[in-house]
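Scroll down for the structure; my scribbles are underneath it.
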Amino acid sequence: MNNFEIPILFDEKIFYEFNNSDRFLSLSYNKIAGSKRMFVPHFHTFYEVYYLKEGSSNYLIEGELLSVKAGDVLLIKPYLLHKTLYPDSSKNVRYLISFNEAYFNYLPEDDISWFLQVFRQSCPIIRLDTDTKRKWDHKLQIIKMEAKEKRSGYNFRIHSIMQELFLTINNKDNSKPIINQNLTTTEQKILEVIGYIHSHYEEKLTLQLLAERFYISSYYLSHRFKYITGYTLIEYIQLIRIKKAQELLETTKLRTIDICENCGFGSISQFNRVFKKVCGISPGKYRRTIK
(Lines give C-alpha, C1' and ligand atoms only; values in the text may rest on other atoms or scores of the structure.)
Protein backbone atom coordinates (compact mmCIF):
# COMPACT_ATOMS: atom_id res chain seq x y z
CA MET A 1 0.00 0.00 0.00
CA ASN A 2 1.49 3.38 -0.94
CA ASN A 3 1.42 6.33 1.45
CA PHE A 4 -1.70 7.84 -0.06
CA GLU A 5 -4.03 4.85 -0.07
CA ILE A 6 -6.83 4.86 2.48
CA PRO A 7 -6.73 1.78 4.74
CA ILE A 8 -10.03 -0.11 5.13
CA LEU A 9 -10.63 -0.09 8.88
CA PHE A 10 -14.15 -1.51 8.93
CA ASP A 11 -16.58 -3.00 6.46
CA GLU A 12 -18.89 -0.34 5.05
CA LYS A 13 -22.44 -1.71 5.11
CA ILE A 14 -23.91 -0.31 1.90
CA PHE A 15 -27.62 -1.14 1.97
CA TYR A 16 -28.77 0.76 -1.12
CA GLU A 17 -27.10 1.79 -4.38
CA PHE A 18 -28.61 3.46 -7.38
CA ASN A 19 -26.63 3.84 -10.62
CA ASN A 20 -28.57 4.90 -13.68
CA SER A 21 -26.54 6.37 -16.53
CA ASP A 22 -24.65 9.20 -14.83
CA ARG A 23 -26.97 9.43 -11.78
CA PHE A 24 -25.59 8.05 -8.52
CA LEU A 25 -26.93 7.55 -4.99
CA SER A 26 -25.54 5.35 -2.22
CA LEU A 27 -26.62 4.80 1.39
CA SER A 28 -24.59 2.98 4.03
CA TYR A 29 -24.83 2.25 7.74
CA ASN A 30 -22.23 1.35 10.32
CA LYS A 31 -21.69 0.78 14.02
CA ILE A 32 -18.21 1.97 14.92
CA ALA A 33 -16.32 1.31 18.14
CA GLY A 34 -13.91 3.95 19.37
CA SER A 35 -10.90 1.83 18.49
CA LYS A 36 -11.96 1.82 14.84
CA ARG A 37 -11.48 5.22 13.32
CA MET A 38 -10.61 6.94 10.09
CA PHE A 39 -6.89 7.60 10.58
CA VAL A 40 -6.25 9.71 7.49
CA PRO A 41 -8.14 12.54 5.79
CA HIS A 42 -9.67 11.88 2.39
CA PHE A 43 -11.78 13.64 -0.21
CA HIS A 44 -14.03 12.64 -3.09
CA THR A 45 -15.70 14.12 -6.15
CA PHE A 46 -19.29 13.60 -4.99
CA TYR A 47 -21.48 15.06 -2.24
CA GLU A 48 -21.75 13.30 1.10
CA VAL A 49 -24.22 13.60 3.97
CA TYR A 50 -22.94 12.16 7.26
CA TYR A 51 -25.66 11.55 9.85
CA LEU A 52 -24.63 10.53 13.37
CA LYS A 53 -27.53 8.54 14.85
CA GLU A 54 -25.80 7.64 18.12
CA GLY A 55 -22.57 8.63 19.86
CA SER A 56 -20.19 11.55 19.46
CA SER A 57 -17.15 12.38 17.36
CA ASN A 58 -14.89 15.12 16.12
CA TYR A 59 -14.75 15.95 12.44
CA LEU A 60 -11.68 17.53 10.87
CA ILE A 61 -12.64 19.47 7.73
CA GLU A 62 -10.04 21.50 5.83
CA GLY A 63 -8.11 22.15 9.04
CA GLU A 64 -11.13 23.01 11.22
CA LEU A 65 -12.10 20.64 14.04
CA LEU A 66 -15.86 20.41 14.67
CA SER A 67 -17.72 18.72 17.52
CA VAL A 68 -20.41 16.28 16.37
CA LYS A 69 -23.10 14.69 18.53
CA ALA A 70 -26.06 12.38 17.96
CA GLY A 71 -28.59 14.04 15.66
CA ASP A 72 -26.01 16.07 13.74
CA VAL A 73 -25.91 16.09 9.95
CA LEU A 74 -22.65 17.01 8.23
CA LEU A 75 -22.73 18.27 4.66
CA ILE A 76 -19.55 17.48 2.75
CA LYS A 77 -19.24 19.00 -0.69
CA PRO A 78 -16.82 17.65 -3.34
CA TYR A 79 -13.07 18.11 -2.82
CA LEU A 80 -13.30 18.88 0.90
CA LEU A 81 -10.56 17.09 2.81
CA HIS A 82 -12.13 15.51 5.90
CA LYS A 83 -11.49 12.98 8.62
CA THR A 84 -13.58 11.50 11.45
CA LEU A 85 -12.13 11.13 14.96
CA TYR A 86 -14.06 8.89 17.37
CA PRO A 87 -13.23 8.94 21.10
CA ASP A 88 -11.68 5.67 22.29
CA SER A 89 -14.53 4.93 24.67
CA SER A 90 -17.39 5.83 22.34
CA LYS A 91 -19.81 3.63 20.43
CA ASN A 92 -21.21 5.29 17.34
CA VAL A 93 -23.90 4.57 14.80
CA ARG A 94 -23.82 6.59 11.61
CA TYR A 95 -25.28 6.77 8.12
CA LEU A 96 -23.58 8.02 4.96
CA ILE A 97 -25.59 9.30 2.02
CA SER A 98 -23.49 9.84 -1.10
CA PHE A 99 -24.68 11.28 -4.41
CA ASN A 100 -23.49 13.27 -7.38
CA GLU A 101 -24.99 16.44 -8.79
CA ALA A 102 -26.30 14.47 -11.78
CA TYR A 103 -28.60 12.58 -9.38
CA PHE A 104 -30.91 15.59 -9.61
CA ASN A 105 -30.80 15.88 -13.41
CA TYR A 106 -34.56 15.39 -13.65
CA LEU A 107 -34.99 18.82 -11.98
CA PRO A 108 -34.53 22.32 -13.45
CA GLU A 109 -31.07 23.83 -12.89
CA ASP A 110 -32.48 26.52 -10.59
CA ASP A 111 -33.93 23.87 -8.29
CA ILE A 112 -30.66 21.93 -8.19
CA SER A 113 -28.74 25.10 -7.36
CA TRP A 114 -31.30 25.97 -4.67
CA PHE A 115 -30.79 22.64 -2.92
CA LEU A 116 -26.99 22.44 -3.21
CA GLN A 117 -26.51 25.93 -1.76
CA VAL A 118 -26.90 24.39 1.70
CA PHE A 119 -23.53 22.67 1.14
CA ARG A 120 -21.90 26.09 0.67
CA GLN A 121 -22.91 27.55 4.05
CA SER A 122 -20.20 28.70 6.46
CA CYS A 123 -20.76 25.76 8.81
CA PRO A 124 -21.22 22.24 7.40
CA ILE A 125 -23.18 20.97 10.44
CA ILE A 126 -26.95 20.92 10.86
CA ARG A 127 -28.11 20.08 14.37
CA LEU A 128 -31.50 18.33 14.17
CA ASP A 129 -34.09 18.88 16.88
CA THR A 130 -35.59 15.87 18.67
CA ASP A 131 -38.64 15.53 16.43
CA THR A 132 -36.62 15.87 13.22
CA LYS A 133 -34.04 13.36 14.45
CA ARG A 134 -36.83 10.90 15.19
CA LYS A 135 -38.14 11.41 11.66
CA TRP A 136 -34.69 10.79 10.15
CA ASP A 137 -34.24 7.59 12.17
CA HIS A 138 -37.66 6.34 11.09
CA LYS A 139 -37.28 7.26 7.42
CA LEU A 140 -33.82 5.70 7.13
CA GLN A 141 -35.10 2.51 8.74
CA ILE A 142 -37.88 2.38 6.14
CA ILE A 143 -35.32 2.79 3.36
CA LYS A 144 -33.27 -0.10 4.78
CA MET A 145 -36.39 -2.27 4.84
CA GLU A 146 -37.41 -1.29 1.29
CA ALA A 147 -33.90 -1.96 -0.01
CA LYS A 148 -33.86 -5.39 1.65
CA GLU A 149 -37.30 -6.54 0.56
CA LYS A 150 -37.16 -5.06 -2.98
CA ARG A 151 -40.90 -5.12 -3.44
CA SER A 152 -42.33 -3.70 -6.66
CA GLY A 153 -41.81 0.07 -6.76
CA TYR A 154 -39.16 0.12 -4.01
CA ASN A 155 -36.83 2.44 -5.95
CA PHE A 156 -39.64 4.96 -6.37
CA ARG A 157 -40.46 4.86 -2.65
CA ILE A 158 -36.80 5.17 -1.61
CA HIS A 159 -36.21 8.20 -3.84
CA SER A 160 -39.41 9.81 -2.55
CA ILE A 161 -38.21 9.42 1.04
CA MET A 162 -34.81 10.83 0.10
CA GLN A 163 -36.48 13.96 -1.25
CA GLU A 164 -38.19 14.39 2.15
CA LEU A 165 -34.86 14.09 3.97
CA PHE A 166 -33.13 16.46 1.55
CA LEU A 167 -35.88 19.04 2.06
CA THR A 168 -35.44 18.70 5.82
CA ILE A 169 -31.78 19.71 5.77
CA ASN A 170 -32.39 22.49 3.25
CA ASN A 171 -34.86 24.13 5.63
CA LYS A 172 -32.49 24.10 8.62
CA ASP A 173 -30.11 26.88 9.65
CA ASN A 174 -26.43 25.89 9.63
CA SER A 175 -24.92 29.38 9.77
CA LYS A 176 -23.52 29.05 13.31
CA PRO A 177 -20.18 27.19 13.55
CA ILE A 178 -19.89 24.35 16.07
CA ILE A 179 -16.19 24.43 16.90
CA ASN A 180 -14.47 22.02 19.26
CA GLN A 181 -13.35 24.07 22.26
CA ASN A 182 -11.58 21.27 24.15
CA LEU A 183 -8.25 21.42 22.35
CA THR A 184 -4.80 21.22 23.84
CA THR A 185 -2.29 23.93 22.96
CA THR A 186 -0.48 21.46 20.71
CA GLU A 187 -3.66 20.43 18.87
CA GLN A 188 -4.59 24.06 18.32
CA LYS A 189 -1.11 24.79 16.96
CA ILE A 190 -1.24 21.87 14.52
CA LEU A 191 -4.70 22.95 13.34
CA GLU A 192 -3.31 26.42 12.68
CA VAL A 193 -0.57 24.85 10.56
CA ILE A 194 -3.15 22.78 8.67
CA GLY A 195 -5.29 25.85 8.05
CA TYR A 196 -2.26 27.75 6.76
CA ILE A 197 -1.43 24.93 4.34
CA HIS A 198 -4.97 24.98 2.95
CA SER A 199 -4.73 28.75 2.38
CA HIS A 200 -1.18 28.83 0.99
CA TYR A 201 -0.74 25.52 -0.85
CA GLU A 202 0.39 27.34 -4.00
CA GLU A 203 3.38 28.85 -2.17
CA LYS A 204 6.70 27.27 -1.21
CA LEU A 205 6.02 25.21 1.92
CA THR A 206 8.61 23.22 3.83
CA LEU A 207 8.86 21.75 7.30
CA GLN A 208 11.48 24.33 8.28
CA LEU A 209 9.50 27.32 6.98
CA LEU A 210 6.32 26.25 8.76
CA ALA A 211 8.17 25.47 11.99
CA GLU A 212 9.70 28.94 11.99
CA ARG A 213 6.40 30.64 11.15
CA PHE A 214 4.53 28.94 13.99
CA TYR A 215 7.40 29.02 16.53
CA ILE A 216 7.66 25.28 16.97
CA SER A 217 10.57 22.89 16.51
CA SER A 218 10.78 20.99 13.22
CA TYR A 219 11.05 17.69 15.08
CA TYR A 220 7.98 18.31 17.23
CA LEU A 221 5.92 19.65 14.31
CA SER A 222 6.81 16.64 12.18
CA HIS A 223 5.83 14.07 14.80
CA ARG A 224 2.66 15.74 16.11
CA PHE A 225 1.46 16.53 12.59
CA LYS A 226 1.73 12.86 11.61
CA TYR A 227 -0.02 11.79 14.83
CA ILE A 228 -3.02 14.10 14.26
CA THR A 229 -3.45 13.85 10.47
CA GLY A 230 -2.08 10.41 9.65
CA TYR A 231 0.24 11.97 7.04
CA THR A 232 3.71 13.41 7.13
CA LEU A 233 3.76 17.16 6.56
CA ILE A 234 5.05 16.81 2.99
CA GLU A 235 2.50 14.10 2.14
CA TYR A 236 -0.29 16.34 3.41
CA ILE A 237 0.91 19.34 1.40
CA GLN A 238 1.10 17.20 -1.73
CA LEU A 239 -2.38 15.80 -1.08
CA ILE A 240 -3.85 19.31 -0.81
CA ARG A 241 -2.14 20.32 -4.05
CA ILE A 242 -3.33 17.22 -5.89
CA LYS A 243 -6.86 17.74 -4.56
CA LYS A 244 -6.86 21.24 -6.06
CA ALA A 245 -5.31 19.97 -9.29
CA GLN A 246 -8.07 17.38 -9.67
CA GLU A 247 -10.68 20.08 -9.20
CA LEU A 248 -9.05 22.31 -11.82
CA LEU A 249 -8.68 19.43 -14.28
CA GLU A 250 -12.37 18.65 -13.92
CA THR A 251 -13.85 22.15 -13.83
CA THR A 252 -11.56 24.29 -16.03
CA LYS A 253 -9.79 24.20 -19.39
CA LEU A 254 -6.46 25.32 -17.96
CA ARG A 255 -3.37 23.70 -19.45
CA THR A 256 -1.61 21.11 -17.33
CA ILE A 257 1.46 23.32 -16.97
CA ASP A 258 -0.72 26.16 -15.65
CA ILE A 259 -2.43 23.87 -13.17
CA CYS A 260 0.98 22.63 -12.06
CA GLU A 261 2.11 26.20 -11.31
CA ASN A 262 -1.19 27.24 -9.72
CA CYS A 263 -1.00 24.33 -7.30
CA GLY A 264 2.53 25.03 -6.05
CA PHE A 265 4.54 22.30 -7.77
CA GLY A 266 8.13 23.12 -8.63
CA SER A 267 8.14 21.38 -12.01
CA ILE A 268 5.86 19.54 -14.41
CA SER A 269 7.81 16.33 -13.82
CA GLN A 270 7.24 16.57 -10.06
CA PHE A 271 3.55 17.29 -10.66
CA ASN A 272 3.13 14.28 -12.95
CA ARG A 273 5.01 12.01 -10.57
CA VAL A 274 3.03 13.00 -7.45
CA PHE A 275 -0.30 13.04 -9.30
CA LYS A 276 0.24 9.50 -10.57
CA LYS A 277 1.35 8.34 -7.11
CA VAL A 278 -1.83 9.71 -5.51
CA CYS A 279 -4.36 9.01 -8.27
CA GLY A 280 -2.83 6.05 -10.08
CA ILE A 281 -3.02 7.79 -13.47
CA SER A 282 -1.47 10.82 -15.16
CA PRO A 283 -3.15 14.27 -15.09
CA GLY A 284 -3.95 14.01 -18.80
CA LYS A 285 -5.59 10.62 -18.46
CA TYR A 286 -7.52 11.82 -15.40
CA ARG A 287 -8.97 14.71 -17.39
CA ARG A 288 -9.97 12.41 -20.24
CA THR A 289 -11.54 9.93 -17.82
CA ILE A 290 -13.84 12.44 -16.14
CA LYS A 291 -15.13 13.96 -19.39
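The values are calculated or read from the model by the stated rules, or taken from the named source; none is laboratory data. Fair warning: this is a prediction, and the values are worked out from it, not measured in the lab. So basically every Cβ, Gly included, is an ideal-geometry build from the backbone, and we count neighbours across all protein chains shown. What goes into the accessible areas is simple: the full protein's heavy atoms, side chains included, and nothing from ligands, DNA or RNA. Shrake-Rupley method; radii C 1.70, N 1.55, O 1.52, S 1.80 Å.
So which of Glu101, Glu48, Glu54 is within 15 Å of the chain's Cα centre (by Cα) and acidic (Asp, Glu)?
Glu48
Going by what's in this entry, would Tyr79 be described as open to solvent by less than 50 Å² (accessible area, probe 1.4 Å) and either under 23 Å from Leu239 (Cα atoms) or acidic (Asp, Glu) (or both)?
Yes.
Which of (1) among the aliphatic types (A, V, I, L, M); (2) free of Cβ contacts under 8 Å to residues at least 12 places away in the same chain; (3) part of a helix (DSSP H, G or I) is the odd one out, the single condition Leu254 does not satisfy?
(3)
Taking the conditions exactly as written (in a strand (DSSP E or B) and modelled with pLDDT under 90), does Asn19 satisfy them or not?
When the stated conditions are applied, Asn19 does not pass them.
What are the residues in the stretch 105-118 that are open to solvent by 10 Å² or more (accessible area, probe 1.4 Å) and either β-branched (Val, Ile, Thr) or in a helix (DSSP H, G or I) (or both), if any?
Correct list: Glu109, Asp110, Asp111, Ile112, Ser113, Trp114, Phe115, Gln117.
So in the stretch 50-79, with the set limited to residues that are at pLDDT 90 or above and touching a helix residue (DSSP H, G or I) at 6+ places or on another chain (Cβ under 7 Å), which one is farthest from Leu140 (Cα to Cα)?
My answer is Lys77.
Take the conditions at pLDDT 85 or above and more than 28 Å from Ser56 (Cα to Cα) and apply them to Tyr196. Does it pass?
No.
Taking the stretch 268-291, which residues are crowded, with 18+ Cβ neighbours inside 10 Å and outside any helix (DSSP H, G or I)?
none
Considering only residues of the stretch 211-228 that are outside any helix (DSSP H, G or I) and either on the phi < 0 side of the Ramachandran plot or small (Gly, Ala, Ser) (or both), which is surrounded by the fewest Cβ atoms within 10 Å (Cβ to Cβ)?
Ser217
Applying the selection to the stretch 182-205, what residues are farther than 13 Å from Phe225 by Cβ and among the β-branched types (Val, Ile, Thr)?
Matches in the stretch 182-205: Thr184, Thr185.
How about the stretch 257-267: which of its residues are open to solvent by less than 60 Å² (accessible area, probe 1.4 Å), part of a helix (DSSP H, G or I) and closer than 18 Å to Ile234 by Cα?
Hit for the stretch 257-267 is Cys260, nothing else.
Of the conditions (1) part of a helix (DSSP H, G or I); (2) closer than 25 Å to Leu85 by Cα; (3) open to solvent by less than 20 Å² (accessible area, probe 1.4 Å), Tyr231 clears all except one; give me its number.
Condition not satisfied by Tyr231: (1).
May I ask you to say which residue of Pro124, Pro87 is at pLDDT below 90 and buried (at least 18 other Cβ atoms within 10 Å of the Cβ)?
Answer to the selection: Pro124.
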